[in-house]
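Engineer: Handing you a structure now.
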Amino acid sequence: VSVIYLDNAATTAVDPRVMEAMLDCLSATGDYANASATNHAPGRRARARVEQARAEVAAVVGASPEQVLWTSGATESNNLALLGAARFGRARGRHLVTSRTEHPAVLDACRQLEREGFEVTYLKPGATGIVEPGQVEQALRPDTLLVSLMHVNNEIGVVQDVAAVGALCRERGILFHVDAAQSAGKLPIDVQRDAIDLLSLTAHKLHGPKGVGALCLRREPRIGLVPLQFGGGQERGLRSGTLPTHQLAGMGAAYRIAAQEMTADAARIAGLRDLLWQALGAVPGISLNGDSGRRVAGILNVSIDGVEGESLLASLPDLAVASGSACASMTAEPSYVLRALGRSDRMAQSSLRLSLGRFSTRADVETAAARIREEVERLRSIAPAPRAGAVP
Amino acid sequence: VSADPRYSAEVLRRLRETPGAGLLAAEPGSVQGCAGDREQGAEVQIACTVVQGRIAAARFLAFGCPHFIAAASWLTDQLPGTGYDDLLAWDWRAAAQALEVPAAKFGRLLTLQDAVRDLSRNWPGGQQSTV
């Protein structure tokens, strides 16, 4: 069965131009040497690749290359940002602020900090998924050390006003961490302009390789972090481990391409997303999850009343999409993000996330919408009629 | 490798082809059993025609997960030829075994058993043993 891939918020295909950059660092004739071995020419060439990639990533987020610290991905970046900054600054304050709709890499790190004696305030977003800057302001306390907010939500695609929250934090000398795994290279973000102290980045959501990411750190004044791993002292002693030159070259290439094509990609993908929503809009009982205006181009999350999400997903083997249903996501509960927005368990259970990328086509979108309509109609036709007075 | 390990081939076939789905015309001897609640994630209606104390035809309507829909479909295949006492003896474990339903979904099959019990309560002419 040929499968239409609409799960680009989970991961993306590597761009052939990125693969080319990576291959240059793998073969015996390429720049495969250890980038720390700068005593010989191959090592210096590998180091040059690493530093070129660092500059390419930094440029996309308005940072200088020295601010970029390599990691294995956004999960590690989030952990290092939260655990590292909180443990370093615990004498200054033991309170953190975040939202209920953050990625588990942030929420689970917060839970760990709670076990270590920190207090965490989890803000509830409004029904559209937006956390208002005023909510953050109200939650701040004299002992607040750090605020963590994602730029774009991975399930519903809504965009938070990180610049406003950054300004609030900067005024008060509170560290501001942003998880930009779903936004960097897709939406403008600038660590200077938006007053972001710690920014988590990844490559694989942007047609780069899996297993590599970065944490962008404020330089002046320098942020203190307690490292999570120890060893060879790479990355200024904050993240030991041999640098994976091919992965870093790939991430650099992915960010360079994104910088060049962001505007065109975003416009084309937003057009496809709107086409998809228009085509699905004809399905009775369908509703959009998340704010209709403040959203990233590639993510569309819908709930379809009267259809059980797991059955819908299992009826669509020709589509690679995500669902908020408990069984589909291999968790015990339906999507915690949708429930935080006030969606009922049943509506969370009947949700689908369709996410588009650089290689999505109009034909993909049209076929997917037709197939979803067809299966929704079929599953409804075999369901008992809803009881009178049932609440969606 | 690409087969979904959460579902047996039979569950997927019954989910996608839904043999036995639909309604039966209301006529003398028709009987229905209902159970579940959409809010709880599983709801089913089993409709049968009973001729001379035995089920002659059965159909289902179901809302729920793939295992639940498949089990309702499987049940309607099993019902023709059965009588009142067979309904009382029906056990959800038979469906679980036939469809390789994982333990986490056993609760859904209990909903199906409730529908079979309801069917027996609504048996035409009251409780009539075929033994």
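The values are calculated or read from the model by the stated rules, or taken from the named source; none is laboratory data. The structure displayed is predicted, hence computed values, not measured ones. Cβ sites come from the backbone with ideal geometry, for glycine too, and all protein chains shown count toward neighbours.
Engineer: Condition first: over 14 Å from B:Ala71 (Cα atoms) and facing another protein chain (nearest Cβ under 9 Å). Now tell me which residues in region B:1-22 satisfy that.
Structural biologist: B:Ser2, B:Asp4, B:Arg6, B:Gly22
Engineer: If you don't mind, another one. Of all the strands (runs of 3 or more DSSP E) wholly in region A:136-240, which have at least 2 residues that are surrounded by fewer than 16 Cβ atoms within 10 Å (Cβ to Cβ), in contact with a Pro (Cβ under 8 Å, 6 or more places away or on another chain) and among the hydrophobic types (A, V, I, L, M, F, W, C)?
Structural biologist: Answer list for region A:136-240: none.
Engineer: Go through (1) under 19 Å from the mean Cα position of the chain (by Cα); (2) among the charged types (D, E, K, R); (3) farther than 28 Å from A:Leu300 by Cα one by one and return the number of the condition A:Arg239 breaks.
Structural biologist: It fails just one condition, (1).
Engineer: If you scan region A:44-64, which residues turn out to be in contact with a Ser or Thr (Cβ under 7 Å, 6 or more places away or on another chain) and surrounded by fewer than 17 Cβ atoms within 10 Å (Cβ to Cβ)?
Structural biologist: Result: A:Arg44, single match.
Engineer: Pairs, please: C-beta under 8 Å, at least 6 apart or cross-chain, first residue more than 9 Å from every other protein chain (Cβ to nearest Cβ) and more than 19 Å from A:Ala385 (Cα to Cα) and in region A:308-319, second assigned to a helix (DSSP H, G or I) and modelled with pLDDT of 90 or more?
Structural biologist: If the second residue must be assigned to a helix (DSSP H, G or I) and modelled with pLDDT of 90 or more, the pairs left are A:Leu316/A:Arg371; A:Leu316/A:Ile372; A:Leu316/A:Glu375; A:Asp318/A:Arg371; A:Leu319/A:Ala368; A:Leu319/A:Arg371; A:Leu319/A:Ile372.
Engineer: Same structure, new question: Among the listed residues A:Leu316, A:Leu312, identify the single one that is in a loop (DSSP other than H, G, I, E, B), closer than 27 Å to B:Val11 by Cα and of a type in the set (A, V, I, L, M, F, W, C).
Structural biologist: Checking each option against the conditions leaves just A:Leu316.
Engineer: Among the helices (runs of 4 or more DSSP H) lying completely within region A:334-383, list those that include at least 1 residues that are away from chain B (no Cβ under 14 Å) and within 22 Å of the chain's Cα centre (by Cα).
Structural biologist: Where helices (runs of 4 or more DSSP H) fall fully within region A:334-383 and carry at least 1 residues being away from chain B (no Cβ under 14 Å) and within 22 Å of the chain's Cα centre (by Cα), they are A:336-340.
Engineer: Checking the condition among the acidic types (Asp, Glu), in contact with a strand residue (DSSP E or B) (Cβ under 8 Å, 6 or more places away or on another chain) and either crowded, with 18+ Cβ neighbours inside 10 Å or more than 25 Å from A:Gln192 (Cβ to Cβ) (or both), which residue from A:Glu116, A:Glu76 passes?
Structural biologist: Values: A:Glu116 fails: in contact with a strand residue (DSSP E or B) (Cβ under 8 Å, 6 or more places away or on another chain).
Answer to the selection: A:Glu76.
Engineer: Among the listed residues B:Ala71, B:Ala57, B:Ala25, which satisfies the condition of being part of a strand (DSSP E or B), of a type outside the set (Phe, Trp, Tyr) and more than 9 Å from chain A (Cβ to nearest Cβ)?
Structural biologist: When all the criteria are applied, what remains is B:Ala57.
Engineer: Looking at (1) within 13 Å of chain A (Cβ to nearest Cβ); (2) within 24 Å of A:Gly309 (Cβ to Cβ), which is the only condition B:Leu110 fails?
Structural biologist: Result: B:Leu110 fails condition (1) only.
Engineer: Now, a different point. For region A:1-23, which residues satisfy the criterion of being surrounded by 21 or more Cβ atoms within 10 Å (Cβ to Cβ) and farther than 12 Å from A:Gly357 by Cα?
Structural biologist: A:Val18, A:Ala21, A:Met22, listed by residue number.
Engineer: Within region A:287-307, count every residue that is away from chain B (no Cβ under 14 Å) and either assigned to a loop (DSSP other than H, G, I, E, B) or free of Cβ contacts under 8 Å to residues at least 40 places away in the same chain (or both).
Structural biologist: Number of matching residues: 10.
Engineer: Could you look through region B:28-41, keep only residues that are at negative phi and either in a loop (DSSP other than H, G, I, E, B) or within 9 Å of chain A (Cβ to nearest Cβ) (or both), and pick out the one that is surrounded by the most Cβ atoms within 10 Å (Cβ to Cβ)?
Structural biologist: Selected residue: B:Arg38.
Engineer: Ok, one more. Can A:Ala264 be described as out of contact with any strand residue (DSSP E or B) (no Cβ under 7 Å at 6 or more places or on another chain), loosely packed, with under 15 Cβ neighbours inside 10 Å, within 30 Å of A:Thr71 (Cα to Cα) and aliphatic (A, V, I, L, M)? Talk me through it step by step, then tell me what you get.
Structural biologist: Details: out of contact with any strand residue (DSSP E or B) (no Cβ under 7 Å at 6 or more places or on another chain): yes; loosely packed, with under 15 Cβ neighbours inside 10 Å: yes; within 30 Å of A:Thr71 (Cα to Cα): yes; aliphatic (A, V, I, L, M): yes.
It is true that A:Ala264 is out of contact with any strand residue (DSSP E or B) (no Cβ under 7 Å at 6 or more places or on another chain), loosely packed, with under 15 Cβ neighbours inside 10 Å, within 30 Å of A:Thr71 (Cα to Cα) and aliphatic (A, V, I, L, M).
Engineer: Which condition number does B:Gln97 fail, the rest of (1) within 14 Å of chain A (Cβ to nearest Cβ); (2) loosely packed, with under 15 Cβ neighbours inside 10 Å; (3) not aliphatic (A, V, I, L, M) being met?
Structural biologist: Of the numbered conditions (1) within 14 Å of chain A (Cβ to nearest Cβ); (2) loosely packed, with under 15 Cβ neighbours inside 10 Å; (3) not aliphatic (A, V, I, L, M), the odd one out for B:Gln97 is (1).
Engineer: All but one of (1) out of contact with any Asp or Glu (no Cβ under 6 Å at 6 or more places or on another chain); (2) buried (at least 21 other Cβ atoms within 10 Å of the Cβ) hold for A:Gly252; state the number of the condition that does not hold.
Structural biologist: (1)
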